[in-house]
Amino acid sequence: MRAADRISRYSAQERANHWMVALLFVLAAASGLALFHPAFFFLSNFFGGGTWDRILHPFLGVLMFLSFLGLMVRFWSHNHYTPADRQWLRRFRDVLNNHDEGLDTGKYNAGQKTLFWVMVITTFLLLLSGIIIWQPWFAPYFPIALLRVAVVAHSLSAWVLIAGIFVHVYAAIWVKGTVRAMTRGDVSRAWAKKHHPAWYREISK
Amino acid sequence: MASQSLDITRRSATTTQPPDVRGAVPQVAKLIDISKCIGCKACQAACMEWNDYRDEIGTCNGTYNNPPDLDANQWTVMRFTEYEPEAGKLEWLIRKDGCMHCADPGCLTACPSPGAIVQYGNGIVDFHEEHCIGCGYCITGCPFNIPRLSKKEGKAYKCTLCSDRVAVGLEPACIKACPTGALVFGTKEDMTHHAEGRIADLKSRGHAQAALYDPQGVGGTHVMYVLPHGDKPEIYEGLPKDPGISAWVSVWKGVTKPILSLGLGVIALGGFIHYVTKGPNEADDEDAKEDEHEGR
Ligand code: HEM
Ligand code: SF4
Ligand code: SF4
């Protein structure tokens, strides 16, 4: 296929940044889940046992946060809601049923934007609460009552983020032609026209 | 592991029944009679000796509290309070602080590491440091601010109620050392009975509010106090009046997590079902078809 037929969606830097975050997310989430419920404790084996899991997790989390900052800065301006997004949300049921015709979606649809903000908020909450409960470096400086609140905030935000990422991954598998945007950087014209028509018009001006 | 490993009622981060085949083990308790304590710290020294730990030599903070706090190398400390019940009167309150061995232990509830904390059939709550991962969740869970992480290797420590001695029919080291009989040890039933006698005696001598401290918010404890001022436990260096596992800890460790864990499974399954019922969303032209077999 000729390169001219395809539209560039993500630069090499953006892709590298995205997969850096993805890798660190998987590591942070798996090492965190190991402590979340006994059903997941076996995950600590991938990190060298319970103690290593506990030691490594906060560092993986902080690295994930830092690399996510890169994505956040890159994608921030594309994620403001527009009137077209309200239309998308109203027709959410149609979207799920693969009847997304007639929606004038920009670079990101309302679902993607919502996920973006969910990620921004939960990552900050995770950092803040994670530092508070981080033994032995920071936790001793905080009152125990605060540790209790922080650990609840941490596990709930982690759950929201993990659930959000499940949706994110599924959406990429569901909407064909999407994964390649993040692996090779480009999408087909048809993909752009169908899923992000407003963005397509903008870039083909 | 000694024979006490056969009598485990609860085990941290474990969702199946731990070994408990013999069942009927008598519940034990230590009774600390504050009215008889003279603050000599013989129990503190005996604890160091039997358990063979030595805290670092610290500095005097101007009180008799020495060392000033519990530590991974200090499982019991005497806490001194100068209390004025009314102007011109002074009482010197001395409380032996340490793990209360709660029937409903917040530390064990919070611990994420299988087998790092166990509760024996006799009621003793014991940390097994070789399974401890050093996360400090037990500190978050404990209503009495007891567990301490070692600065040396990051494991959590606290009073064992001399589980090793009790398992072979000995009383805890502190009990053996106490010169006044302020510390006694036996079955929880006997200790409760003994406390009743002490409380009656205190009441007859002007301590109308004398009471047993066996807080029901944590299901009762296997370390109990006879408090001359039973209505005001907080005057004894902040002994909580109505301790219980914090609501935050219950939310964190209760039904929430199984439900949320299941939720993740449901979301994953939902995606799969959606894919096989609604199918993928394809941009249907030549490009898209090529996309597909090029590995998307
Ligand atoms: C942003 C930086 C982060 C920091 C500083 C941090 C720190 C911590 C700390 C200190 C703990 C307690 C266990 C331990 O000491 O290892 C913990 C637990 C946990 N973390 Fe993080 N974390 C961060 C990010 C994340 C991320 C990105 C996730 C997953 C999406 C996550 C999920 C979890 C979970 C599920 C737990 C177990 C909570 C529980 O026991 O209920 N954390 N984290
Ligand atoms: S006093 Fe604290 S450390 Fe001791 S059993 Fe109760 S919750 Fe656990
Ligand atoms: S520090 Fe050790 S004993 Fe305490 S909760 Fe963590 S694993 Fe359990």
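The values are calculated or read from the model by the stated rules, or taken from the named source; none is laboratory data. As the structure is a prediction and not an experimental result, all values here were calculated from the model. Quick reminder, even Gly has a Cβ in these numbers, built from the backbone with ideal geometry, and neighbours come from all protein chains shown. What goes into the accessible areas is simple: the full protein's heavy atoms, side chains included, and nothing from ligands, DNA or RNA. Shrake-Rupley method; radii C 1.70, N 1.55, O 1.52, S 1.80 Å.
Listing for the model above:
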{"read-out": "Cα pair distances of the range A:1-75 binned at 10 Å [whole percent]", "value": "20, 36, 23, 14, 7, 1"}
{"read-out": "Computed over the range B:71-201, the ratio Rg/Rh where both radii use C-alpha atoms and Rh is Kirkwood", "value": "1.02"}
{"read-out": "Dipole magnitude (debye, nearest 20) for the range B:1-59, charges at Cβ of Lys, Arg, Asp, Glu", "value": "200"}
{"read-out": "Alpha-carbon radius of gyration plus Dmax, which is the widest Cα pair, for the range B:125-179 in Å", "value": "13.2, 38"}
{"read-out": "Neighbouring partner chain Cβ atoms per residue of B:128-140, average, 10 Å criterion", "value": "5"}
{"read-out": "Cα Rg, Dmax (largest Cα-Cα span) when computed across the range B:182-232, Å", "value": "10.8, 31"}
{"read-out": "Percentage, to the nearest whole number, of Cα pairs in chain B over 28 Å apart", "value": "46"}
{"read-out": "Alpha-carbon centroids, the range A:1-56 and the range B:165-229: separation in whole Å", "value": "54"}
{"read-out": "Principal-axis tilt of helix A:50-75 within chain A, Cα atoms, nearest 10 degrees", "value": "30"}
{"read-out": "Principal-axis tilt of helix A:144-174 within chain A, Cα atoms, nearest 10 degrees", "value": "30"}
{"read-out": "Heavy-atom surface of the protein assembly as shown, accessible at 1.4 Å and reported per residue (Å²)", "value": "49"}
{"read-out": "Packing-based order for B:205-218, B:150-163, using average beta carbon neighbours within 10 Å, highest first", "value": "B:150-163, B:205-218"}
{"read-out": "Peptide B:13-22 - average C-beta neighbours from other chains (10 Å radius)", "value": "1"}
{"read-out": "Reciprocal of mean inverse Cα separation for the range B:31-98 (Kirkwood radius, Å)", "value": "13.1"}
{"read-out": "Principal axis dimensions, largest first and in whole angstrom, of the protein assembly as shown by Cα", "value": "96, 54, 40"}
{"read-out": "Zero-based 5 Å bins, Cα pair distances in the range B:144-213, whole percents", "value": "3, 13, 15, 17, 18, 14, 10, 6, 3, 1, 0"}
{"read-out": "Largest-first principal axis extents of the Cα set of chain A (Å)", "value": "58, 36, 30"}
{"read-out": "Sulfur and carbon atoms: percent of accessible area, the range B:8-245 [1.4 Å]", "value": "52"}
{"read-out": "Shielding by partners - mean other protein chain Cβ count within 10 Å, residues of B:274-282", "value": "5"}
{"read-out": "Extended-chain gain in nm, criterion 0.36 nm per residue less alpha-carbon gap, A:ILE173 and A:ASN97", "value": "25.9 nm"}
{"read-out": "Distance between the range A:82-149 and the range B:105-149 - C-alpha centres, whole angstrom", "value": "34"}
